[in-house]
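Below is one structure, written out as structure tokens; comments come after it.
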Amino acid sequence: MDEPANLYIGGFAGLLKRQEKRQRRFLNIEEVLPPADIDLAALFDRITPAPPQHFEDALRYSALRKRLELQIQFEGQPEILHLHALLIAISRRDDMPPLAERLFFRIWEELGARLVPLLTTRWLISSATTFSDIGRTGDQRALGMGLSILFDMIKLSDSERRLSGKPGRSPFVTSPDGKNFPLAFDLYPYAYRGGDLDKVMLARLWQLGERDITIRPLAFAMLKKVMTDPRSIFARTQEIKKSLRKDA
């Protein structure tokens, strides 16, 4: 029997080859990092200045180029955001220097609760991904991966849904002809009457957050977004359940 065709050209070998290129280590990282004992709290009060040169004028693949590129994004904002983003960018490449790792964990261990309110959802997700890659405990790595995948899948799911022209707050209505198509991988469909998949998923992530004080501010901030934003698949699931209870 013939193997089914890969959805992605080259299959996983192709995906891994692409990923390896993205993980190429930055050059001259030490030149852009502050000392290990820098006063991180002071960076909340210092404003990121305009970059002194265009990032494309810096050496390609250099850490300086990445720092200048991020400096454009964070100009006028607290310097702690610029440094934090740079450390995340460095962490995504091979052979993260010990100094960069130490600074990342200093930020989260000493000032995580203060940092979280300043981060956009994009950088919350990036922070979670970094914990999944370099977390110092099993809980940090598991929770970082769980949060990262959770938000990435919400983005994929709701981006496809957006093509329908329906707002995120509104569940799809039942097909008028009553057709029900099978799910991928022959999965059983979610049971809107009595199903608890969504509740178990969120509760398990919250429990992991309770167990680790370093990643806790990040985890709780991200999970509270899922709990309160009325535009995601989680919110629509609750609306469908409410409507079924009314019809019962």
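The values are calculated or read from the model by the stated rules, or taken from the named source; none is laboratory data. Not measured: the values here are computed from a predicted model. Please note: Cβ atoms are built from the backbone with ideal geometry, for glycine as well, and neighbour counts cover all protein chains shown. Heads up: the accessible areas ignore ligands, DNA and RNA and are worked out on the full protein's heavy atoms, side chains in. Shrake-Rupley method; radii C 1.70, N 1.55, O 1.52, S 1.80 Å.
Rounded, prolate or oblate for segment 103-163? Axes are the square roots of the Cα gyration tensor eigenvalues, ordered a ≥ b ≥ c, and the cut-off for rounded is a/c under 1.5. Taking the square roots of the gyration eigenvalues as a ≥ b ≥ c, segment 103-163 is oblate.
Of the chymotrypsin sites (Phe, Trp or Tyr not before Pro) in segment 162-245, the ones in a loop by DSSP (not H, G, I, E or B) with at most 16 other beta carbons within 10 Å are PHE172, TYR190, TYR192.
Cross-linked pairs LYS166/LYS225; LYS17/LYS66; LYS17/LYS166: Cα-Cα separations exceed 27 Å for LYS17/LYS166. The phi-based Karplus calculation (6.51 cos²θ - 1.76 cosθ + 1.60; θ = phi - 60°) puts the 3J(HN,Hα) values of segment 82-93 at 5, 4, 4, 5, 5, 5, 5, 4, 5, 5, 7, 9 Hz, whole numbers, x for Gly and Pro. Taking all protein chains together and a 1.4 Å probe, the residues VAL173, VAL32 rank VAL173, VAL32 from largest to smallest accessible area. Calculated from the structure at hand, Rg and Dmax of the Cα atoms in Å is found among (1) 17.8, 58; (2) 20.8, 68; (3) 21.6, 66 as (3).
When the Cα positions of ALA85, ALA63, LEU202 are compared along the charge dipole of the chain, LEU202 comes out farthest toward the positive end, with charges on each C-beta of Lys, Arg, Asp and Glu. Loop-located chymotrypsin sites (Phe, Trp or Tyr not before Pro) in segment 1-80 (DSSP state not H, G, I, E or B) with no more than 14 neighbouring Cβ atoms inside 10 Å: TYR8, TYR61. Tell me, what is the per residue accessible area of segment 1-139 in Å², probe radius 1.4 Å? Dividing the accessible area of segment 1-139 by its residue count gives 59 Å². Roughly speaking, what is the centre-to-centre gap between segment 108-172 and segment 26-73 when only Cα atoms are used, to the nearest Å? A separation of 24 Å, based on Cα centres. Toward the positive end of the charge dipole of segment 119-174, with +1 on the Cβ of Lys and Arg and -1 on the Cβ of Asp and Glu, the farthest Cα among THR120, PRO171, PHE131 is that of PRO171.
The alpha-carbon of LYS21 sits under 18 angstrom from the alpha-carbons of these aspartates and glutamates, leaving out residues fewer than 8 places away in its chain: ASP94, ASP95, ASP133.
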